[in-house]
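Asker: Here's a structure for you.
Nothing in this text is a laboratory measurement; each read-out follows from the coordinates by a stated rule. Values in this document were obtained by computation on a predicted structure and should not be read as measured data. Counting neighbours? That spans all protein chains shown, and the Cβs are built from the backbone with ideal geometry, glycine included.
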Amino acid sequence: MMTPLVVVVLIMAVAMIWLLRQTVNVRPWIEEQPLDNASSGASFSLPPATVGLGVFLAVATSLFVLTICAYFMRMMAADWRTLVFPSVLWLNTGMLIVSDLAMQSARAAARRAQMDRVRVGLIAAGICSFAFLAGQIWAWLQLNASGYFATANGGGGATVGPANSFFYLFTALHGVHVLGGLWVWGRTTARVWRGADAARVRLSVELCTVYWHYLLVVWLVLLALLVPAVSELCRGRLSF
Amino acid sequence: MVSVTHDESGYVPPAEVEEVELHHAHTFIGKYVFSQDAKWIGIQYGTTALAIGLVGLALSELMRLQLGFPSVFSFITPSNYLQYVTMHGLIMVVYLLTALFLGGFGNYLIPLMIGARDMVFPIMNMVSYWLYLLAVLILVASFFVPGGATGSGWTLYPPQAILPGTPGAGLGIVLTLVSLAVFIVGFTMGGLNYVVTVLQARTRGMTLMRLPLTVWGIFTATIMALLAFPALFVSAVMMLLDQTLGTSFFMPEIVLRGQHLEFSGGTPILFQHLFWYFGHPEVYIVALPAFGIASDLISTHARKNIFGYRMMVWAILIIGGLSFGVWAHHMFVSGMNMYFGFFFATTTLIIAIPTALKVYNWVLTLWRGNIHFTVPMLFAIAFVFTFVNGGLSGLFLGNVPIDVPLAHTLFVVAHFHMVMAVSPVLVFFGAIYHWYPKITGRMLDETMGKIHFWITFIGAYCIFYPMHYLGFLGVPRRYYAVDTAPFVPPSAQTLNEFITVAALIVGTTQLLFIYNLIWSYFKGKPAGSNPWQATTLEWQTAETPPQHGNFGQALPAVYRWAYDYSVPGAAQDFIPQNQPPAARAAGGAQGAR
C-alpha cells in the first residue's frame, strides 16, 4: 500500500531538496551583493507555462498515486473480485499510443517550422484521443451491459466486485485529464489553423506533447494494475 | 538569464526582464467583477472568506448556547447541533483559513512582495476565485436542501456520513462533497499561479533568499496544498460514488434496522487515511503562512532584523516536509499496528523541533528590539504566546497512551483551537491591520483595533483554557448534552456557562472589527505609502493603493534582504529592499555594519 506513496515522497523530496540547496551558503544579511546573472529574476530559464505544466503534473501524479494507494488498500478486503476485463481497452491503448506518436511528430515538425506537418500531427493526435475517449465509454457500456455496474456486490451477484468500481474511477479520472488536454489541444489547433507562425505555437505544441506522454504513462500504469493477472499478483503480495 | 552590468557605485539599472502583457480592463465588470488583477482577486477572496467566516462564527455561538444553557433554546435540536459542529469546522478550516491565507493574502502580497506586475496566469487566477465562490455557495446551499447540511463532523467519516440517521445524509453530504471538489479544482488553479509566480516572476535581485518570510510561508504552504488536496479530492469523489451510485469504496457490510444494505467489504479506515493525509498537512497549510506573516510583523514592528532568517526558511521547509509523515496520529483511536503508532508518534514529536526553533527565533527577534506596540504587533505577540500554549498540549496528544483517553474529549477541542484556530486567526487579524493601509490607503482606527485585540485575545483564553480542564474531567466533545454522567460534576456546567458568555462577548466584538473595516475605509487617517516604515517592496510602490501593474513604469531592482532594520550607520532605521547602495551612501551611511 505504501509503495505508490514513494512517488509522492520523491516529488516532495525533490522540491524540498532543491529549495534547501538554494539556501545553503547564502547569507542574505550580508547586503548589497552586486547583481549578477545568478540573481536575475526567474529560478529556471523556462517559460512560466512550462514550469506551470511541471507543477500541474506533480499535482496530477499525487492524485493518481493516492487513488492507486486506495486501490491497493481496498484490494485486501475479502470481497475483492478480479475485474472482468473489457477487451476493447487494448484497442483504446493502441489509440492513445498512436495519438501520442502523432503529437510527437507535430512537435518535431514545429521545431523545424513545417506547419503543414504540425497541422497533420495535431489533427491526427486529436482524432485518436477522441477515439480513445469514445473507446473508454464503449468499455463502460460493455461492462454495464454485462451487468457489471459500478456497484460493489449490491444485487449484482458474486461476479460483480469493487474492482469494477475502481475501473470506473480510474478511467473517469484519466478521462477528465484527457479532456483537459484536448481543451488546450483545441486552442492550439485553432491557432495553427488561423495561420499562426511556428515560433508562436511551438511552445503550446511542445507542452501538449509532454502532457500526452504523461497521459500515456499514467494510462499504461492504470491499465497494468487493472489487468487481472497483475491485480491478482498485487493482491497476493499485499495479503502476504 | 539576463545579463546585468553595473557601474562602480554598484548601481544597477532597472530589471530588463520581459514585460508581461497585462490585461487592462476598461469596464466596471472587467475591473471589479471578473478582474484579472491579483490584488483585486485577493480582495475578493478575502471578503468572501471573511463573510463565510462570519457564518462559521455564528454557528459556533449557536453551539455554545446549547452547551452553556442546554434545553433553553428549543430551536437547537440534536440534529441541528451536529450540523453546526460540522459546518463550523469545515467552514473555518477550509473556506475561511485556507482561502484567506492562500487566496487572499497570497494573491495580494505575492506579486507585490516579489516585484512582479501580476500573477503569471491571470485568467486562471480569476477562474480560481469564481470556483471558490461557487464552492462556498454550494456549501451554503446545503443548509437549505431537504434534510439540511451534513452533520457528520468536519471529518465526514463514513459510514455514518452517508447513512440514514445522520443529519444531511442525503443531499446535504452530496452538496458538501461537490463543494469540496469544486474548491480543490479552484484552489489548484490558484496554487499553480502562486508557485510559478514565486519561481519565475521575481524581479531582478530578488533571489529566493531575499524573499520576505511571508512569501516563503505562502509558497511552501501552497506546494503542500497542491500535493495534499488531491487526497481530499479523491476521497470526496469516492464517497460521492458510495452515496449516489452505491459503490463500496468505504462502506462495509451493514445491517440497518434488520435490513441488509447493499454495501459490502469497503473500509472506512481507507477514508480516514486519505482524509488525514490531506488533513494534517492542512494544519500546516494554515500555519505556515501564519508563521511567515508573523515573522514579518514582528520584525517590522520591533525594528529589528528577523533572528536566524535562514533557519526560519529551513524550519518552514522541514515542517512542510515532515507534516506529510504524521497523518495517522489523528487515527490512534481507530486502532493500528503498534509499530505504526510508534512511528507516527515519533514523527509527531519530531515536528516540534523546527516549530520550537521558530518560536525561539521570534522571541530572539523581539529581544532588545525597538518594540512598537501597534495593533499588528499586539496580534503577532499574542500569536506567539498562543501558538506555544496550543503546541504544548500537542506534545501530550502526540503520545498514543495519552491521546487515546483524551481523543474524544474537550481537551482535543481546546488543543486544536489554540494551535490552529486562535493562532492563525490572530495572525490574519494582525495582517489585516498591517496591510489595510496599503490596500485602502487609510489606517484602521487604532482605538477600535486595541479594544478588538484585547477582548479577542483574553476572550480566546477564557473560552479555550477551561476546555482543557473539562477535557481532563472527561467531558466528551461533539455531544449535544451531557446530562447526568456521573463523572461530570455540576461545576462543569457552570464552567460551560462561563465559556459561552465569553464566546458571545468575543463573537460580538468581531462586529466591531467589521465596523472598523468599513468606517476606516471612508474616515480612517490617510496612511501614506509606507506608514510602518517597512522594507519590503509592497510599501515602495509609486501609488497607494497600488495601481494595476503594481510598480508604474519600471519594475524595482532588489539589492538586499527584507530585514534591514536599525542598520548601524544608516540614515533611517530601515532600508527598503530596492534602495541602491549608492543612494544609501548619499543618504549619509558609509556601509558600516
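Asker: What spacing in nm lies between the two simple spin-label points modelled at A:Val6 and B:Phe144, each 7 Å away from Cα in the Cβ direction?
Answerer: Between A:Val6 and B:Phe144, the label points sit 5.2 nm apart.
Asker: Give the distance, in whole Å, between the Cα centre of the range B:495-519 and the Cα centre of the range B:75-150.
Answerer: Value for the Cα centre distance between the two parts: 22 Å.
Asker: Between A:Asn92, A:Asn25, A:Asn164, where does the largest GNM mean-square fluctuation fall for chain A, given springs only between Cα atoms within less than 10 Å?
Answerer: A:Asn25
Asker: May I ask you to derive the relative contact order of the range B:252-306, considering only C-alpha pairs under 8 Å and at least 6 residues apart, and to give it as an integer percent?
Answerer: For the range B:252-306, the relative contact order is 18 percent.
Asker: Okay, moving on. If we sort A:63-70, B:63-70 on the protection proxy, mean other Cβ atoms within 10 Å, highest first, what's the order?
Answerer: In descending order of packing, they fall as A:63-70, B:63-70.
Asker: Provide the packing ranking of B:415-421, B:552-558, i.e. peptides ordered by the mean count of other C-beta atoms within 10 Å per residue, highest first.
Answerer: B:415-421, B:552-558
Asker: Starting from the Cα coordinates of the range A:89-131, work out the convex hull volume and express it per residue in Å³.
Answerer: Cα convex hull per residue, to the nearest whole number: 36 Å³.
Asker: Over the whole of B:461-468, what's the average partner chain Cβ count within 10 Å per residue? Rounded to a whole number, please.
Answerer: The mean count of partner-chain Cβ atoms within 10 Å per residue comes to 0.
Asker: Taking the Cα-to-Cβ direction at A:Thr82 and at A:Ala172 and moving 7 Å from each Cα, how far apart do the two end points lie in nm?
Answerer: Distance between the two pseudo-spin positions: 2.6 nm.
Asker: So, one more: I need the calculated FRET efficiency for the pair B:Thr508 and A:Ala49, taking r as the beta carbon distance and R₀ as 41 Å, to the nearest 0.05.
Answerer: Approximately 0.25, to the nearest 0.05.
Asker: Just to confirm the number: angle between the C-alpha axis of helix B:490-523 and the first principal axis of chain B, 0 to 90 degrees, nearest 10?
Answerer: Value to nearest ten degrees: 30.
Asker: Could you give the spread of the C-alpha atoms of chain B along their three principal axes, from largest to smallest, in whole angstroms?
Answerer: Principal-axis extents of chain B (Cα, largest first): 87, 52, 49 Å.
Asker: What is the calculated FRET efficiency for A:Arg21 to A:Ala196, with r their C-beta to C-beta distance and R₀ = 45 Å, to the nearest 0.05?
Answerer: Approximately 0.70, to the nearest 0.05.
Asker: Does anyone have the angle between helix B:78-90 and the longest principal axis of chain B? Alpha-carbon axes, 0 to 90°, nearest 10?
Answerer: 30
Asker: Based on alpha-carbon positions alone, could you give the equivalent ellipsoid semi-axes of chain A from the gyration tensor, as √(5λ), descending, whole Å?
Answerer: 39, 28, 12
Asker: Using the basic label-point model (7 angstrom from Cα toward the beta carbon), what is the B:His260 to B:Tyr515 distance in nanometres?
Answerer: For B:His260 paired with B:Tyr515, the spin-label model returns 6.4 nm.
Asker: Count, for each residue of A:21-28, the Cβ atoms from other chains sitting within 10 Å of its Cβ, then give me the mean as a whole number.
Answerer: 6
Asker: Please give me the summed charge of the neighbours of B:Gly308: other residues whose Cβ is under 13 Å from its Cβ, Lys and Arg +1, Asp and Glu -1.
Answerer: Surrounding charge for B:Gly308 is +4.
Asker: Now, a different point. Loop only per DSSP, at most 11 neighbouring Cβ atoms within 10 Å: give me the chymotrypsin sites (Phe, Trp or Tyr not before Pro) in the range B:23-108, ordered by residue number.
Answerer: B:Phe75
Asker: Counting pairwise Cα distances across the range B:455-584, what percent come out greater than 19 angstrom?
Answerer: Distances greater than 19 Å cover 69 percent of the Cα pairs.
Asker: Just the ratio, please: alpha-carbon radius of gyration of the range B:166-214 over 2.2 N^0.38 Å, N its number of residues.
Answerer: The value comes to 1.92.
Asker: Please work out the FRET efficiency for the pair B:Asn337 and B:Phe73, using the Cβ-Cβ distance as r and a Förster radius of 56 Å; give the result to the nearest 0.05.
Answerer: That pair, B:Asn337 with B:Phe73, gives E of 0.80.
Asker: Next up: For chain B, what is the mean residue ellipticity at 222 nm derived from helices alone (per DSSP H run of n ≥ 4: -39500 (n - 2.57); sum divided by total residues; nearest 500 deg cm²/dmol)?
Answerer: Helices in chain B give a 222 nm mean residue ellipticity of -19500 deg cm²/dmol.
Asker: Cα extents of the range B:224-365 along the three principal axes, largest first, in whole Å?
Answerer: Each principal axis gives a Cα extent; for the range B:224-365 these are 69, 32, 24 Å.
Asker: Sticking with this structure for a sec: Helix B:268-301 against the longest principal axis of chain B: what's the angle in degrees, Cα atoms only, rounded to the nearest 10?
Answerer: 30
Asker: Report the Cα-based extents of the protein assembly as shown along its three principal axes, largest first, to the nearest Å.
Answerer: 87, 85, 52 Å, listed from the longest principal axis down.
Asker: Something else about it: How much space per residue, in cubic angstrom, does the convex hull of the C-alpha atoms of the range B:350-477 take up?
Answerer: In the range B:350-477, the Cα hull volume divided by residue count equals 115 Å³.
Asker: How far is the Cα center of the range B:540-570 from the Cα center of the range B:281-326, in Å?
Answerer: Here the answer is 22 Å between Cα centres.
Asker: Next up: Non-local amide H neighbours of B:Phe574 (under 5 Å, H modeled in plane, Pro and chain starts lacking H): which ones?
Answerer: Distant-sequence amide H within range of B:Phe574: B:Ser566.
Asker: Using DSSP to define loop residues, name the trypsin sites (Lys or Arg not before Pro) in the range A:193-235 whose beta-carbon has at most 14 other beta-carbon atoms within 10 Å.
Answerer: Of the trypsin sites (Lys or Arg not before Pro), the ones in loops of the range A:193-235 whose Cβ has at most 14 other Cβ atoms within 10 Å are A:Arg194.
Asker: Stick to Cα atoms and the Kirkwood definition of Rh, then tell me Rg/Rh for the range B:58-177.
Answerer: 1.11
Asker: What does the structure give for B:310-322 when I average, per residue, the other chain Cβ atoms found within 10 Å of the residue Cβ?
Answerer: 3
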